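Remarks on the structure that follows.
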Amino acid sequence: MHTVRVTLIDVPTERRSTGGGASTRTVFRTCPLCEAGCGLELTVTDDGVTRIRGDRNDVFSRGYICPKGSTLRQLHDDPDRLRAPLVRRGGRHVEVTWAEAFEEADRVLSGAIERHGRGAMGVYVGNPNAHNLAGLLYLRPLLKSLGTRNVFTASTVDQRPKELSSAWMFGGGLTIPVPDIDRTHMLVMLGANPYESNGSLATAPDWPGRIEAMQARGGRLVVVDPRRTRTADQADQHLAIRPGTDALLLAAVVTCLARDGRIAPGDAGRYVAGLDEVVRALAGFTPESVSAAVGIDARDIERLAHEIADAPSAAVYGRIGTTTAEFGTLASWLVDVVNLVTGNLDRPGGAMFAKAAAGAANTRGRERYGRGFNVGRHRSRVRGLAGSMGELPVACMAEEIDTPGEGQLRAMVTVAGNPVLSTPNSDRLDAAMAGLDGYVAVDIYLNETTRHADVILPPPSALQRGHYDLALLQLALHNVANYSPPVLPLDDGQPDEWAILARLALIAQGMGPDADVEVVDDLVVGALVDAAVGDEHGPVAGRDRAEILEALAPRTGPERLLDLMLRTGPYGDGFGARAGQVVPGVAPLTLDVLLENPHGVDLGPLEPRLPEVLRTESGMVEVAAEPLMADLARLEAVLDRPVPQAVLVGRRDLRSNNSWMHNVNVLVKGRPRCTLHVHPDDASRWELVDGGSARVASRVGAVEVPVEVTDAVRPGVVSLPHGWGHDLDGIRLEVARAHAGTNSNVLTDDQVVDDLSGNAVLNGIPVEVGPVASTA
Ligand code: SF4
């Protein structure tokens, strides 16, 4: 393998100095830890990274950084981060050489395929892959080589509903309108807490700064959330909705506006099909009829509807609380319906579409042309849950492993995932993983899931790999592009992440552990070049593939693919076809141009993209897609449903990042964060005291957890953060173990999903709560 690394020496703006014999350099890179994509400034000496702070010149983040961003050094230096592969021998994980590890991976995977067939293979892909160029580009060859349809990802933990509603409405799962916060007059957020999460499915650094700037110019923030979150504290109005009822609230907002004759889609209306049908179908959801179910006074719902309609511009945005719920897809759809009927879809200050520099399906091919979108072409074996976007819902992964019969999953590959902590009914999945016949993990930690693996192959740390947010920049609130080369070199003998995935792909094809990974790399780039020259609407239509490949040389690996995507993207140089500037003042994009601009390239504010962004079959915004309309009957049925004694919701914390950053001491020290929030009225009813313990039980499990009494949750709602529970045997996470916390997914129910998407329901879980002594 001789990957051509784009080294820091090529970056002209890098500053180097020598003093006292030690060399010091300053480098810039995008933080890969969350969706915000902040620019970082790193000081690097011979001893490694010595300081990290926000890059004040970054075109998007302007110096913003959160407490997690500065811990890239601690993550790299973490003694528990795996530097060498592990294999299980005699019930223990022991370090081996890379050659031995791949031989063992070959024995495990090839053996399992031989014994059980490819239909018995499963894959789980975790959330960090969304931030990882190699993960996004080289997983596909691995999945194809495994030849299985049993693919599960973190998308069906928390975002598939938004992907589906967007695919039906606009023709693409990542054609998701994002709130134009920097220009809006009113922001309505449902189930979102960016003061803690830094935003999601809407990429922007410094949500707090952007929101406060909006308020400073007279804008208004309304937060709809069962909890008075830090974001709700900042709001001009907080509506404490009952968990899981956002779809009812949004439907009533539409009906309220329809009753008042205020359906006004504006310019976007010219490209919409089926809006009258939607308005008619929602007519039964009035502010009065949903008020009791949502727990909000009908007059407040009317007021909300009128304020959105009256605002010069407004953006409605829904996130985790709306998507990890029983009606996640309907709620996701209705967010965009409200934006549409108030004239805010695709206008400045409303909900708009990014135009990404690379990788976006909505900038390729013929405009307003698509092949339609379906779910359920493939169904899960045991429960018959509908698959979508090439995946099955993660909520059925455990039963696919532990239910005997033809097609039972007998071997797994996981890539940067910890589903034992992050997916529903954890105890069942934990037991199921323990019973696998073979398991290969690609992961930097021996964690609660990978402790079951036969082989663990650790990729390089985030500082040792290049970074470009291929997926997340498709959801940016401002069009930007930035590439970061690796900050630190690979360890001796350490394969790059793409090479690990490529080698596993070759093993899965039966080519053994020693085949040449460059074959896979060449196949991947060849397929992308073929697609580019075959796109009659693209900038290199009809060109010679050899000429394009030669222009990309001598790069290999993810950087070669990225260069190709940038150059054939909407701002690219088209390999010479676009000589002029697409954006004034910005050279046509190539990877070299990004390398010359380590603070990123500003491609301008979002601009209206209807109708060219559409890839639906009709070329219109399909607002009345049949599956969505059909699901309204299910929504109507909940209006009369009794309210459980208590329901569980999740909680975000600025210092926590799902399950995998709890081994960083600076992020977990201080007061315990994994506590159960209980309203004072409930605490007295259930005989709980602040600082005491509660037993929480659901249909599938029970936990004991420290109690924090607070009026930040509405009565009848308890809240527990996710990603904790680091007290299982066999993990190698010493800091996390000392701050173990409680796994909230012991309580979430794998049998309850959003019917349309199969997405896990992690919010609104019925639970019984009581003091430990009386209920244990
Ligand atoms: S907000 Fe996200 S991207 Fe920005 S520094 Fe924090 S973790 Fe990194």
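List the residues whose amide H sits under 5 Å from the amide H of residue 679, counting only those 5 or more places along or on another chain, with H placed 1.01 Å from N in the peptide plane.
Result for residue 679 returns 710, 716, 717.
Can you give the relative contact order of region 332-405 as a percent, counting alpha carbon pairs under 8 Å and 6+ residues apart?
Computed value for region 332-405: 14 percent relative contact order.
With a point put 7 Å past each Cα toward its Cβ, work out how far residue 56 is from residue 23 in nm, to one decimal.
With each label point 7 Å from Cα toward Cβ, the separation is 2.7 nm.
For region 616-700, what class follows from the C-alpha gyration tensor (a ≥ b ≥ c being the square roots of its eigenvalues): rounded when a/c is under 1.5, otherwise prolate if a/b is larger than b/c, else oblate?
It is oblate, given that a/c is not under 1.5 and a/b is not larger than b/c.
Residue by residue, what Karplus-based ³J(HN,Hα) values in Hz, rounded to whole numbers, does region 248-263 have, using 6.51, -1.76 and 1.60 with θ = phi - 60° and x for Gly and Pro?
Whole-Hz 3J(HN,Hα) from phi for region 248-263: 5, 4, 5, 4, 5, 4, 4, 5, 4, 5, 5, 4, 8, x, 10, 7.
With θ set to phi - 60°, apply the Karplus curve 6.51 cos²θ - 1.76 cosθ + 1.60 along region 339-351 and write out the HN-Hα couplings as whole Hz, x wherever there is a Gly or Pro.
For region 339-351, the Karplus-derived couplings read 4, 5, 6, 9, x, 9, 7, 6, 10, x, x, x, 9 Hz, x marking Gly and Pro.
Lysines near residue 162 by alpha-carbon distance under 30 Å, same-chain residues fewer than 8 away left out - which ones?
The qualifying lysines are 68, 144, 355.
If you take every DSSP beta bridge fully contained in the chain, what fraction is antiparallel? Give it as a percent rounded to 5.
So the antiparallel bridges in the chain amount to around 55 percent.
Rounded to the nearest angstrom and ordered from largest down, what semi-axes does the equivalent ellipsoid of region 264-401 get from its C-alpha gyration tensor (root of 5λ)?
The answer is 30, 24, 14 Å, longest axis first.
Given Cα positions, please report Rg to Rh for region 530-629, the hydrodynamic radius being the Kirkwood one.
1.06
Looking at the square roots a ≥ b ≥ c of the eigenvalues of the Cα gyration tensor of region 575-673, which shape do they give, rounded for a/c under 1.5, prolate if a/b is larger than b/c, or oblate?
Judged from the Cα gyration tensor, region 575-673 comes out oblate (a/c at least 1.5, b/c at or above a/b).
Kindly provide log₁₀ I(q)/I(0) values, in the same order as q = 0.11, 0.13, 0.14, 0.24 Å⁻¹, from the Debye equation applied to equal alpha-carbon scatterers of region 340-408.
So the normalised log intensities work out to -0.54, -0.67, -0.72, -1.03.
Could you work out how much longer the chain between residue 547 and residue 303 gets when fully extended? Use 0.36 nm per residue separation minus the Cα distance between them, nm to one decimal.
That pair, residue 547 and residue 303, stretches by 81.8 nm at full extension.
Output ³J(HN,Hα) for region 309-318: one whole-Hz value per residue in order, computed from phi by the Karplus curve 6.51 cos²θ - 1.76 cosθ + 1.60 with θ = phi - 60°, and x for Gly and Pro.
So the J values, rounded to whole Hz, are 5, 7, 4, x, 7, 8, 9, 9, 9, x.
For region 30-167, just the Cα atoms, rotate onto the principal axes and tell me the three extents in Å, largest first.
Result, largest extent first: 56, 46, 23 Å.
Would you pull out the residues with amide H under 5 Å of residue 178's amide H, same chain only if 5 or more places away, H placed 1.01 Å from N?
Here the answer is 352, 353, 354, since their amide H atoms fall under 5 Å of that of residue 178.
How large is the dipole of region 91-215 about the Cα centre if only Lys and Arg carry +1 and Asp and Glu carry -1, each at its Cβ, rounded to the nearest 20 debye?
That gives a dipole near 540 debye.
Name the residues whose placed amide hydrogens come within less than 5 Å of the amide hydrogen of residue 318, ignoring near sequence neighbours (fewer than 5 apart) on the same chain.
Correct list: 190.
Expressed as a rounded percentage, what relative contact order does the chain have, with Cα pairs under 8 Å and six or more residues apart?
That works out to 19 percent.
Where the only charges are on Cβ atoms (+1 Lys, Arg; -1 Asp, Glu), what is the dipole of region 486-558 about its Cα centre, to the nearest 20 debye?
It comes to approximately 140 debye.
Towards the positive end of the charge dipole of the chain, with charges on Cβ (+1 Lys, Arg; -1 Asp, Glu), say which of 170, 94, 235 has the farthest Cα.
It is 235.
Please give the Cα centre distance for region 98-164 versus region 171-223, rounded to the nearest Å.
Centre-to-centre distance over Cα atoms comes out at 33 Å.
Can you tell me the mean projection area, over all orientations, of the convex hull of region 438-554's alpha carbons? Units nm², please.
Approximately 10.7 nm², given one-decimal rounding.
Summarise the long-distance tail of P(r) for region 187-278 by giving the % of C-alpha pairs beyond 22 Å.
That fraction is 42 percent.
Computed on alpha carbon atoms, what radius of gyration and Dmax characterise region 687-737, expressed in Å?
Cα-based Rg and Dmax for region 687-737 come out at 13.6, 39 Å.
With a cut-off of at most 14 other beta carbons within 10 Å, and DSSP calling the residue loop, which GluC sites (Glu not before Pro) in region 681-776 qualify? Please list them.
687
Can you check what the net charge comes to around residue 177, using other residues whose Cβ is under 11 Å from the Cβ of residue 177 (Lys, Arg +1; Asp, Glu -1)?
Net of charged neighbours comes to 0.
Looking at the chain, what % of the alpha carbon pairs are farther apart than 52 Å?
Percentage above 52 Å: 8.
With Cβ to Cβ distances under 10 Å as the rule, what net charge do the other residues near residue 695 carry (K, R +1; D, E -1)?
Charge balance in the 10 Å sphere: -2.
Viscosity 0.890 mPa s, temperature 25 °C: give me the Stokes-Einstein translational D for region 236-319 in µm²/s, with Rh taken as the Kirkwood radius over C-alpha pairs.
Diffusion coefficient, whole number: 182 µm²/s.
Work out, in µm²/s and without decimals, the Stokes-Einstein translational diffusion coefficient of region 401-482 at 37 °C, 0.692 mPa s, Rh from Kirkwood over C-alpha pairs.
Stokes-Einstein gives a translational diffusion coefficient of 220 µm²/s.
Using the reciprocal of the averaged 1/r over all distinct C-alpha pairs, how large is the Kirkwood radius of region 359-500 in Å?
Over region 359-500, the inverse of the mean reciprocal pair distance is 18.3 Å.
No lab work stands behind these numbers, since they all come straight from the coordinates. Worth saying up front: this structure is predicted, and the values here are computed from it rather than measured. Heads up, the Cβs are rebuilt from the backbone with ideal geometry, glycines too, and the neighbour counts pull from every protein chain shown.
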